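Below is one structure; the comments refer to it alone.
The values are calculated or read from the model by the stated rules, or taken from the named source; none is laboratory data. Treat the numbers as computed from the prediction; the structure is a model and nothing was measured. Heads up, the Cβs are rebuilt from the backbone with ideal geometry, glycines too, and the neighbour counts pull from every protein chain shown. For accessibility, only protein heavy atoms count, side chains too; no ligands or nucleic acids. Shrake-Rupley method; radii C 1.70, N 1.55, O 1.52, S 1.80 Å.
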Amino acid sequence: MKRLGILTGLFVILMFAGCKEKTEDLKDSRIILDGKWVLVSSCADGGPSATAWLEIQSNTIQSCMQQAGTGTYTTLKGTIRPADTYGNYKIDWSNGYQQNASYPVGILKLLSLIDPTTQSTQCYTKNPSYPPNPQCQF
């Protein structure tokens, strides 16, 4: 009977330790996202295309994108939060647009932003060689 009590106690401790580890994993994934990201030309090859950037700090996300055919840049702010599964996120932009995101994507560990209506994807990478354009108002 004493052994059964000890085994039950160990089982309960292991269950709580497993739950705590999953919570920390989510926290760690949040830390990985913090920083400046640059758009890549393709989600497959990851080559930088310095026309758009993201900056993530805690749960705040800011986007800066060069407008096609013009020399102007537009910025947008939003909130990023973990979704129901590990590595997936929801973004609520200040203009009312909602977007999904995933990290890591592929062997290059890209951050992908997915348009839920068209399922088109844009990918970003952390690459300090391509800092945001000075016109970006982060």
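Within the range 68-88, residues that are in contact (Cβ under 8 Å) with a residue 12 or more places away in the chain have Cβ atoms under 6 Å from residues that are among the aliphatic types (A, V, I, L, M) and in a strand (DSSP E or B) in these pairs: 78/61; 78/91; 80/61; 80/91, counting only partners at least 6 apart in sequence or on another chain.
For the range 44-87, the tally of residues that are in contact with a Gly (Cβ under 9 Å, 6 or more places away or on another chain) and over 24 Å from residue 134 (Cβ atoms) stands at 2.
Out of curiosity, is residue 90 under 21 Å from residue 131 (Cβ atoms) and either open to solvent by 30 Å² or more (accessible area, probe 1.4 Å) or within 10 Å of the chain's Cα centre (by Cα) (or both)? Answer is no for this residue. Looking across 23, 60, 79, one residue alone is modelled with pLDDT of 55 or more, surrounded by fewer than 13 Cβ atoms within 10 Å (Cβ to Cβ) and not small (Gly, Ala, Ser). It is 60. Scanning the range 117-138 for residues that are among the polar types (S, T, N, Q) and assigned to a loop (DSSP other than H, G, I, E, B) turns up 117, 118, 119, 120, 127, 129, 133, 135, 137. Scanning the range 109-127 for residues that are over 14 Å from residue 32 (Cα atoms), open to solvent by 40 Å² or more (accessible area, probe 1.4 Å) and either touching a residue at least 40 places away in the same chain (Cβ under 8 Å) or in contact with a Gly (Cβ under 6 Å, 6 or more places away or on another chain) (or both) yields 121, 122.
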